[in-house]
Amino acid sequence: MKSRLLLAAASIAVLAIAPIYPAMPQSQVQAITAEPREVHLKNVKQLTNGGENAEAYFSLDGQEIIFQSTREPYKCDQIFTMNADGSNQKMISTGRGRVTCGYFTPDKKRIIYASTHLGSPDCPMPPNMSEGYVWAIYPTFDIFSANRDGSDLKRLTATDGYDAEGTISTDGKKIVFTSTRNGDLDLYEMNIDGTGVKQLTNELGYDGGAWHSQDGQYIIWRANRPGTQAEIERYKSLLSRNLVMPSRMELMIMKSDGSEKKQLTSNGGANFAPYFHPNGRQIIFASNMQNPRGGNFDLFLINRDGSGLQQITFDENFDGFPMFNADGTKLIWESNRHARRQGETNVFSADWVN
């Protein structure tokens, strides 16, 4: 334990020399337009300029964005922040290990994110894709809290296994996250300081990517429920090797205490990254439902009862990780559109048109 704490303290030293990255040139930002069928999007702006950028989320006041990015000189994701216009991009994680799922507290005094740096300062090995498209569930992921500049790093989870995918309720009191602490990938809730852990799901299968509704009454998430014996054995075999196959995920909703669980989608695709519209009645999410075996993901809107499905984006490649600002006037998401090279994913924002 002492060696891990020393490693965490030493890793913070890289913050002093973390570079500030340039935003997308303004002349190029102004040239970006939405696809004609994307009628809900206006004044589209590209906020990052190359690399692999994902999970970009607004602060509650909408003035800043926290996101993860793989860019030089780092070989795997680190946590960055930027202004809402893409300016002042700077790294705030340790620069060690792999990180995911950064999020601001409502008052913006602190952030949370998950990191593997206590297990090793190196990037963990990527998963072997010989068995198909799989995600690695790195058991060295733990959730941390830090000041908004990355200092005062505090560990919030200390159990064996994967702890990640944390988001904070709008009132700043609770974190919902995914963990393998009981042998399966389930949702848990804890207080903002890491105390008071409560298990919310216990069905066999992957539960992750959870968010509270803005009023704190509901939680939305993605889930995979293996049904046949062969599917169950496959899921357990992969999980025993810290892997999960995300090719079929459906959206779920429940009350914030874990009761009244309900499945919202049933399209056989990989549905993920659900987020409540501030009106509380609709949910935006990413899906490849039109070709579940393909890599073309678009954004969709659905009512909280599962009705009223609408397609929002129509780009021929990837659109994912959508999030509204607090008043529902802005949307942020990640896309391969306008990529200069294969695999490049950038952060985009747009005015939301009802």
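The values are calculated or read from the model by the stated rules, or taken from the named source; none is laboratory data. Model, not experiment: these values are computed from the prediction. A quick note on method: Cβ atoms are made from the backbone with ideal geometry, for glycine too, and the neighbour counts reach across all protein chains shown.
For THR195, the criteria (1) in a loop (DSSP other than H, G, I, E, B); (2) hydroxyl-bearing (Ser, Thr, Tyr); (3) under 22 Å from ILE79 (Cα atoms) hold in every case but one, which is (3). Exactly one residue out of ARG96, ARG71 is surrounded by 19 or more Cβ atoms within 10 Å (Cβ to Cβ), at pLDDT below 95 and of a type outside the set (Asp, Glu): that is ARG71.
Looking at the range 168-191 only, could you name the residues that are β-branched (Val, Ile, Thr), crowded, with 19+ Cβ neighbours inside 10 Å and under 16 Å from THR105 (Cα atoms)?
ILE168, ILE175, VAL176
Consider the range 211-261 and keep the residues that are in contact (Cβ under 8 Å) with a residue 24 or more places away in the chain and among the β-branched types (Val, Ile, Thr). The one that is surrounded by the fewest Cβ atoms within 10 Å (Cβ to Cβ) is ILE232. The test for being among the β-branched types (Val, Ile, Thr), under 23 Å from PHE276 (Cα atoms) and outside any loop (DSSP other than H, G, I, E, B) holds for ILE219. For residues in the range 88-133 being among the hydrophobic types (A, V, I, L, M, F, W, C) and without any contact (Cβ under 8 Å) to a residue 12 or more places away in the chain, which is farthest from GLN63 (Cα to Cα)? Only one residue fits best here, namely MET129.
Looking at GLY308, GLY328, just one residue is modelled with pLDDT of 95 or more, closer than 26 Å to MET82 by Cα and among the small types (Gly, Ala, Ser), and that residue is GLY328. Taking each residue of the range 71-83 that is among the hydroxyl-bearing types (Ser, Thr, Tyr) and looking for partners that are surrounded by 19 or more Cβ atoms within 10 Å (Cβ to Cβ) with beta-carbon atoms closer than 7 Å, six or more apart or interchain, yields TYR74/GLY95; THR81/ILE65; THR81/ILE66; THR81/ILE92. How many residues does the range 61-72 contain that are closer than 16 Å to THR170 by Cα and in contact with an Asp or Glu (Cβ under 8 Å, 6 or more places away or on another chain)? Looking only at that region, the number is 1. Please work out if MET82 is within 23 Å of ALA273 (Cβ to Cβ) and exposed (fewer than 15 other Cβ atoms within 10 Å of the Cβ). It is false that MET82 is within 23 Å of ALA273 (Cβ to Cβ) and exposed (fewer than 15 other Cβ atoms within 10 Å of the Cβ). Taken over the range 31-59, the criterion of being at pLDDT below 95 and among the hydroxyl-bearing types (Ser, Thr, Tyr) is satisfied by THR33 alone. For the range 139-167, taking the residues that are within 15 Å of ARG98 (Cα to Cα) and of a type in the set (A, V, I, L, M), the one that is surrounded by the most Cβ atoms within 10 Å (Cβ to Cβ) is identified as ILE143. Scanning the range 295-308 for residues that are more than 21 Å from the chain's Cα centre (by Cα) and exposed (fewer than 14 other Cβ atoms within 10 Å of the Cβ) yields a total of 3. If only residues of the range 262-292 that are touching a Ser or Thr at 6+ places or on another chain (Cβ under 8 Å) and free of Cβ contacts under 8 Å to residues at least 24 places away in the same chain are counted, the one that is surrounded by the most Cβ atoms within 10 Å (Cβ to Cβ) is SER287. Only residues that are polar (S, T, N, Q) and more than 20 Å from the chain's Cα centre (by Cα) were counted across the range 121-146, and they come to 2. Among the residues making up the range 59-68, those that are surrounded by fewer than 21 Cβ atoms within 10 Å (Cβ to Cβ) and of a type outside the set (D, E, K, R) are LEU60, GLY62, GLN63.
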